[in-house]
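Everything on this sheet refers to the single structure shown next.
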Amino acid sequence: MMFGISRAVKYAAAILAASLVLVAVSLPSYADTGSVRFRIARAGFIVGAGGGTGTLVFHGRSYPLSVGGLSVGTFGAASADLVGRAYNLRRAQDIAGTYTAVGAGVAIAGGATAARLQNANGVVMEVRGRQVGLEASLNLSGMTVSMR
């Protein structure tokens, strides 16, 4: 009789564990995607400064953004209008942070540029746009985005 109860408890525990795994796997991810638009300008000689403004559209609402950051090895001046997507947003505030390049940025002929960036909150931004100016390439790694 004792072995029967012990076996039943073991089976019940196994069924419970399996059902918890199935529930965890089937829960939807609450991360979502928003669209972003930035206007950025950078200038400098050796050490450059840059900044700009932007907008995040997330769940039908627009959130104004500020963009800043310093770069080393800069020579010249450039501006860019960028559009793209921000992935892995759980809430609009997740967009804020310092971004680093994920993979190589791409400079496309005719002043077009594209980049994939990620912040500490796990938000990944994929942006593309047109660069105008004398800077060889607008390096977006190290850019800081904050909500206004």
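With both labels modelled 7 Å from their Cα along Cα-to-Cβ, the Thr98 to Thr33 distance reads 2.9 nm.
Would you mind computing, in nm to one decimal, how far apart the modelled labels at Arg130 and Ala77 are, each placed 7 Å from Cα along Cα→Cβ? That separation, rounded to one decimal, is 2.0 nm.
Here, each number is a calculation from the coordinates, and none is a lab measurement. Since the model is a prediction, treat every value here as computed from it, not as a measurement. Quick reminder, even Gly has a Cβ in these numbers, built from the backbone with ideal geometry, and neighbours come from all protein chains shown.
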